[in-house]
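Enquirer: Starting off with a structure, shown below.
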């Protein structure tokens, strides 16, 4: 996958990133968007949407022209390092330290960005553990020596004062035991050596700490104590440290030298910012900016939830409107302005957030990427293979399969493209999406590894490696299995039934509603007709379910479980999905392989036989039942639906009506199964079949005629007969 | 590449500032260094460049050098030049300061250029070959930048397209003029014909043994000495005590020097008052000379002299005349005699000035009259011939020429060249110079192969222009001696009478004290 695939609108010269940072990819200056009050930019999108890739792109491309520090909030290193000295470190201090180091290493316009304020805070925190020995404490303090600003912060004497300070720190170690607590000694040394300019900076910053009353030394003491206190106190201290870092950066830009030598805005890129560390970093930024502490650091954070994260909202209902959301496909630039009024601290932090939806790939981008992966550009090989007969058809087939499965999700496209690259399609007409998912691929990081089906790799990428944060650890192993079972469910109720059955005997159980929440937290879309709202993911999970056990036993068992559940209900009980419980049962029966039962149900329910039913109702039922997934192509068996639809394979028996309904059901079933190419010859028979259903005098013949027209129209445009949220953008 | 430049030179304010400073420094340095070394001056017109605020150079395509008075005549020259373009022609340059500062000088300049043009016009219609192309060359104020122009003239002389064969003009007798003529003649071998400068330093000495100062120089105007001789001859033998010489001793003004020398001839009778000297700041600046003149006036009053020879420039002459008139001297009448430069005197005189010279209102004669030699006067020939029974050719031929010129000017046969005023003699002299050049060129062409004679052949014709090949000029016969001077060319003695305020022709003076010989054969011993 090329790094900036699909990001052209975001990254181009007048795109959002360039305008926020004030620099283009090539380093040209651009007028700054917003300011002085800046939103925190949340890149929202589910797994595989390229959020992290975009951040890396910004770091690599724009990072040449503006300082762009990148921190992965999910990186275990922060927790590891914090764990070594839990009393004087936390994940936040480690992340801040890492950012400060990156700012200090900036080598472009204006030179390194010094972080004296953050240094003072970190030193105060490091020296704050009253129980630690002075040697340990001093070691913690000396750990931050590399953050010490060299030169101007220490005023006139420059390096000499800097070295004196370091020497004084070393002397503290020699003078054991200390007469005063370590923190007092350290702060004494610090304030003694610091230049007037530095003192003013510290006073401005830590004088504002709660309880400091304008005295920076008191502020630093309080900060240290708060950190030690843990809980709310520590959160306060941490948020203040991030403010100190941002003030450092702001000062580097706002000084006379900064104004002259620096251009654009610095960026902080927080990957996986929807976890606890990310929230602890972002919340103070949002609150500070809400309360008027503006700085020019452009914060990009990734979030899987479409609304940016629950922590942004106070009460979901009232604040949902307040947040600015924008996607590159909307065109132009997002309009963001902090809403006026409200009490800082009480209003929703979402007011300071700008949600940027990650773009899906357009069909053209998908095709280009697939073509690239399939080896146009692999050299002469492609040329000699040339345009073999049928190659064009197979390419179109593969492209359409990728389009429908991926829904434009870049990771999906890339993986399927890799899979397709190694695929030889012999018969495009018989090629199904399931075949595409079976294509073998080597995992990118294991070039020598055994090729695995692309579907497994994708599940690994999208589910296993990105477990929901709140998923209890004991469920980690079952998570994928649970989702597999849920792939056959429609609503929460279906899902709940399945989960109850499949988690039997376990101590820790998840309810289907909780699973739905976790899926939403992971950024997966919701669909009213499918529990797994993303079509591509659903197919991955269905395939996995089918392959669990022998010959699709698990698949059949799940469908039969649901069939039995609905069959156990009163047949005409209303059902959200299929009209009646009986129809819903028939749907699952059909999916489980019970074709005859489904035809029987439809024959029985046809208004000619059941006068209580209306024709329109019956047609809806037909579509609902025909929406069932078909296991035959998955299992590799012979699919006789085509023959049955054309009346070439005789049905098991029954009268004329049953035979006609049998043909109709198979035709619609085949058409609605969008894992395979649409057979235009088949759609031509609809009108005839529907008309002939009305041969006998039956109420609602006009409905049949009208439906015949509507369906023919839809088929001509290759639209599904029963559209759904999760397929609407696919057609 | 562009991005690299942008990122290194323009990405931040600091870089912009440094870049702008560097560019400004480079541009400034270039602005200072380049014009000095490359000399990229402004251009006034084709072939004319701006140096020191003046338009210096050579132009024959109608540029008037910012002097609107010669606009029409320079257009006429351009038209004539265009007409002959493409046919065999030689180029003659008229070298004069073309950007004078006063209106009086501008009118004089117009007369000069008109004379040159009329000469060209007539020569080009004489059915002789080659034709003459006329260009105007501006050497700057007081010929200050003559070197540049001489360089350009040298190029024209070498160019087979332009074929510069003579340079004429030269209206001021200055050191720079001498340098220019020296270089043109001795170094570049370009024939030069001086038509208006009368200084002796701008002439070759007579005498067969003398080595000529300027190789290939000819003149059509008598030198100051010759004019003074003629003036002296006209006045007959005045006793020395009746005359006094007032002279300007400002260095480097050779006109004044030669005039002073001519007036210093020994005279008969008892000695008069000694020479009265003064120093003026410049040609046009009266400076503090007025006080000197009042004192000199007192001294002259006490002397028996009533004829004052004045060796000075017209500006000072005017002041002197006024001061002399102001000094009350028991009704003594003065006659101031000066050189041809005084011809421009009337242009400096105001009403009040005239009144002062007039003296007492009731007096019969004016207190001060000024008499000087004009190199020519339009009424000379008719006045000399009137009442004479004999009609010598030295009078009739110039008269005919003058009539022809007058007719041409009056009926605007040569196009609209502005008002033509023959009184100040400039038009006549410059015209005669052009005629002389044309004759020399035609004669040279007749003797050499090709359409255009070489430079040396042209200057070799100067001594031939006598006797049978004399040039009948409007200002008199031009018969050149071997030194290139006009032999015994008559000067008009004119008198400026304050009462009439007109220039009255007083008579002809002959430098040799007798009229030119028959057919203008230059006698042996003159060169």
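Enquirer: Take the Cβ-Cβ distance between residue B:125 and residue B:209 as r, set R0 to 35 Å, and report the resulting FRET efficiency rounded to the nearest 0.05.
Expert: Once the sixth-power term is evaluated, E becomes 0.25.
Enquirer: Determine the calculated [θ] at 222 nm for chain A from helices alone, applying -39500 (n - 2.57) to every DSSP H run no shorter than 4 residues and normalising by the residue count; nearest 500 deg cm²/dmol.
Expert: So the calculated ellipticity at 222 nm is -15000 deg cm²/dmol.
Enquirer: Apply 1/(1 + (r/R0)^6) to the Cβ-Cβ distance of residue A:696 and residue A:338, taking R0 = 51 Å, and write down the FRET efficiency to the nearest 0.05.
Expert: So, using R0 = 51 Å, E works out to roughly 0.15.
Enquirer: With the contact rule set at Cα under 8 Å and sequence spacing of 6 or more, what percent relative contact order holds for region A:428-508?
Expert: Result for region A:428-508 is 17 percent.
Enquirer: Further question on the same structure: What is the distance in Å between the Cα centres of region A:669-724 and region A:42-65?
Expert: 45 Å
Enquirer: What percent does the relative contact order of chain B come to when contacts are Cα pairs within less than 8 Å and at least six residues apart?
Expert: 16 percent
Enquirer: How do B:307, A:141 rank when sorted from fewest to most other Cβ atoms within 10 Å of their own Cβ?
Expert: With the sparsest Cβ surroundings first, the list reads B:307, A:141.
Enquirer: Using all C-alpha to C-alpha distances in region B:225-374, build P(r) with 5 Å bins and read off the rounded percent in each one.
Expert: Going out from 0 Å in 5 Å bins, region B:225-374 shows 2, 10, 21, 24, 23, 15, 5, 1, 0 percent.
Enquirer: I would also like to ask the following. Compute the label zone of residue A:196 within region A:253-279: residues whose backbone N is under 19 Å from the point 7 Å along Cα-to-Cβ.
Expert: In region A:253-279, the label zone of residue A:196 (backbone N under 19 Å from the point 7 Å along Cα→Cβ) covers A:255-257.
Enquirer: Hey, another quick one. Considering the Cα positions of region B:174-237, please state its Rg to one decimal place and its Dmax as a whole number of Å.
Expert: 13.2, 45
Enquirer: Sticking with this structure for a sec: Could you state the number of Å between the C-alpha centres of region B:383-444 and region B:43-109?
Expert: When both Cα centres are located, 23 Å separates them.
Enquirer: Which distance in Å, rounded to a whole number, links the C-alpha centroids of region A:590-613 and region B:474-527?
Expert: Each part reduced to its Cα centre gives a spacing of 145 Å.
Enquirer: Would you please report the Å³ per residue occupied by the convex hull of the alpha carbon atoms in region B:1-81?
Expert: Dividing the Cα hull volume of region B:1-81 by its residues yields 162 Å³.
Enquirer: So if the hydrodynamic radius of region A:552-731 is defined as the Kirkwood radius over C-alpha pairs, what does Stokes-Einstein give as its diffusion coefficient at 25 °C and 0.890 mPa s, in µm² per second?
Expert: After rounding, the answer is 149 µm²/s.
Enquirer: Let me ask something additional. Using Cα atoms only, what is the angle between the long axis of helix A:581-591 and the major principal axis of chain A, expressed in degrees (0 to 90) to the nearest 10?
Expert: 90 degrees
Enquirer: Let me ask something additional. Could you give the alpha-carbon Rg of region A:609-701 over 2.2 N^0.38 Å, rounded to two decimals?
Expert: Ratio of Rg to 2.2 N^0.38 Å for region A:609-701: 1.11.
Enquirer: Follow-up. Quickly work out the residue B:451-to-residue B:389 label distance, labels modelled 7 Å from Cα along the C-beta direction, and quote it in nm with one decimal.
Expert: With each label placed 7 Å out from Cα toward Cβ, I get 5.6 nm.
Enquirer: May I ask what percent, to the nearest 5, of DSSP beta bridges between residues of chain A are antiparallel?
Expert: 20 percent
Enquirer: Ratio of region A:535-599's C-alpha Rg to 2.2 N^0.38 Å, to two decimals?
Expert: Normalised by 2.2 N^0.38 Å, the Cα Rg of region A:535-599 equals 1.17.
Enquirer: Could you give the nm distance between label points at residue B:352 and residue B:186, where each point is 7 Å from its Cα heading toward the beta carbon?
Expert: Result: 4.8 nm between the two label points.
Enquirer: Evaluate region B:40-159: find the radius of gyration of its Cα atoms, find its Kirkwood radius, and give the ratio Rg to Rh.
Expert: The Rg/Rh ratio comes out at 0.96.
Enquirer: Right, something else. Output the 0 to 90 degree angle, nearest 10, between the alpha-carbon long axis of helix A:492-502 and the longest principal axis computed from the alpha carbons of chain A.
Expert: 90 degrees
Enquirer: Compute the length gained on full extension between residue A:632 and residue A:77: take 0.36 nm times their separation in residues and subtract their Cα-Cα distance, giving the result in nm to one decimal.
Expert: 195.0 nm
Enquirer: May I ask you to work out the translational diffusion coefficient for chain B at 20 °C, viscosity 1.002 mPa s, via Stokes-Einstein with Rh from the Kirkwood sum over Cα pairs, reported in whole µm²/s?
Expert: Approximately 87 µm²/s, per Stokes-Einstein.
Enquirer: Which whole-number percent gives the relative contact order of chain A, counting Cα pairs below 8 Å spaced six or more residues apart?
Expert: 11 percent
Enquirer: May I ask for the equivalent-ellipsoid semi-axes of region A:203-316, computed as the square root of five times each C-alpha gyration tensor eigenvalue and listed largest first in whole Å?
Expert: The three semi-axes for region A:203-316 are 24, 22, 11 Å.
Enquirer: Angle check, please: helix B:289-302 long axis (alpha carbons) against the longest principal axis of chain B (alpha carbons), in degrees 0 to 90, nearest 10.
Expert: So the inclination is approximately 10 degrees.
Enquirer: Still on this model: Sorted from largest down, what three extents in whole angstroms do the Cα atoms of chain A have along their principal axes?
Expert: Answer, in whole Å and largest first: 103, 60, 52 Å.
Enquirer: Also, I was wondering about something else. How are the alpha carbon pair distances in the protein assembly as shown distributed across 20 Å bins from zero to the largest one, expressed in percent?
Expert: 9, 23, 15, 10, 14, 16, 10, 3, 0
Enquirer: Taking every residue in B:9-18, how many Cβ atoms of other protein chains lie within 10 Å of its Cβ, on average?
Expert: Mean number of neighbouring Cβ atoms from other chains: 5.
Enquirer: So, one more: Among A:336, B:10, A:669, which comes first, then next, by fewest other beta-carbon atoms within 10 Å?
Expert: Exposure proxy ranking, most exposed first: B:10, A:336, A:669.
Values in this text are rule-based calculations from the coordinates and carry no lab data. Quick caveat: nothing in here was measured; it's all calculated off a predicted structure. Neighbour counts are summed over all protein chains in view; Cβ atoms, including those assigned to glycine, are modelled from backbone coordinates with ideal geometry.
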